[in-house]
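**Student:** Got a structure for you, written out below as structure tokens; questions coming shortly.
The values are calculated or read from the model by the stated rules, or taken from the named source; none is laboratory data. Small disclaimer: the values here were computed from a predicted structure and weren't measured. Quick reminder, even Gly has a Cβ in these numbers, built from the backbone with ideal geometry, and neighbours come from all protein chains shown. Protein only, heavy atoms only, side chains kept; ligands, DNA and RNA dropped before computing areas. Shrake-Rupley method; radii C 1.70, N 1.55, O 1.52, S 1.80 Å.
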Amino acid sequence: MFKHILVPTDGSELSTTTVSRAVVFANEIGARITFFFAQQEYPIPLYGEGALLVPVSPDQFVDATKKEAERILTAAQTEAARLGVQSDTDTSVSDLPYESIIDAAKRHGCDLIFMASHGRKGVAGFLLGSETQKVLTHSSIPVLVFR
């Protein structure tokens, strides 16, 4: 039924478990996977009371984010190779991760998005959980949410 699955990942514990389950699922149904990492944009520093200080330069931030994406996507691809599942990777920079996930699924011709119900803990986890909700709400492609 499904031939090409997009698996967004952020490297969190649940996301890593989701990658493993998606690989098993893809293996069982004979599908291929594109693993996707949504890179954050460089935060705009705020000034005044309650200021947000960004301790790295934009170039350092971009470099660190690219390295994080590469590390996470390489680990996911290694997991797929272990079970003989064909996989590719993709990443993009966006301030709206849910849109970049949906765009990646369309760009790669995916017929299913397989993603974690939530990601990192704390505020980041809340934000990713809301990203999952936004993907569910806005995607015209079926979404399988793993808990």
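**Student:** Report whether or not residue 18 is farther than 20 Å from residue 107 by Cβ, in contact with a strand residue (DSSP E or B) (Cβ under 7 Å, 6 or more places away or on another chain) and at pLDDT 95 or above. Before you say what the answer is, go through the steps one by one.
**Tutor:** Numbers: farther than 20 Å from residue 107 by Cβ: yes; in contact with a strand residue (DSSP E or B) (Cβ under 7 Å, 6 or more places away or on another chain): yes; at pLDDT 95 or above: yes.
In short, yes.
**Student:** Out of segment 7-32, which residues are more than 16 Å from residue 145 (Cβ to Cβ) and not in a helix (DSSP H, G or I)?
**Tutor:** 11, 30, 31, 32
**Student:** Moving on to the next point. Kindly evaluate residue 51 against the criterion of being outside any helix (DSSP H, G or I), open to solvent by less than 70 Å² (accessible area, probe 1.4 Å) and either modelled with pLDDT under 90 or in contact with a Lys or Arg (Cβ under 7 Å, 6 or more places away or on another chain) (or both).
**Tutor:** Details: outside any helix (DSSP H, G or I): yes; open to solvent by less than 70 Å² (accessible area, probe 1.4 Å): yes; either modelled with pLDDT under 90 or in contact with a Lys or Arg (Cβ under 7 Å, 6 or more places away or on another chain) (or both): yes.
Taking the combined requirement at face value, the residue satisfies it.
**Student:** Go through segment 113-147 and give me each residue that's open to solvent by 90 Å² or more (accessible area, probe 1.4 Å), assigned to a loop (DSSP other than H, G, I, E, B) and at pLDDT 90 or above.
**Tutor:** 140
**Student:** Can you name the condition, by its number, that residue 23 falls short on among (1) open to solvent by 40 Å² or more (accessible area, probe 1.4 Å); (2) aliphatic (A, V, I, L, M); (3) at pLDDT 95 or above?
**Tutor:** (1)
**Student:** State which residue is nearest to residue 19 (Cα to Cα) when the search covers only segment 63-89 and only residues that are open to solvent by 30 Å² or more (accessible area, probe 1.4 Å) and in contact with a helix residue (DSSP H, G or I) (Cβ under 6 Å, 6 or more places away or on another chain).
**Tutor:** Initially, segment 63-89 is screened for residues open to solvent by 30 Å² or more (accessible area, probe 1.4 Å), giving 63-64, 66-68, 70-71, 74-75, 77-79, 81-84, 86, 88-89.
Subset that is in contact with a helix residue (DSSP H, G or I) (Cβ under 6 Å, 6 or more places away or on another chain): 79, 83, 89.
On the way: 79: 8, 83: 12, 89: 12 Å.
That would be 79.
**Student:** So, in segment 90-103, of the ones that are open to solvent by less than 60 Å² (accessible area, probe 1.4 Å) and either under 15 Å from residue 142 (Cβ atoms) or in a loop (DSSP other than H, G, I, E, B) (or both), which residue ends up modelled with the lowest pLDDT?
**Tutor:** For segment 90-103, the residue satisfying everything is 94.
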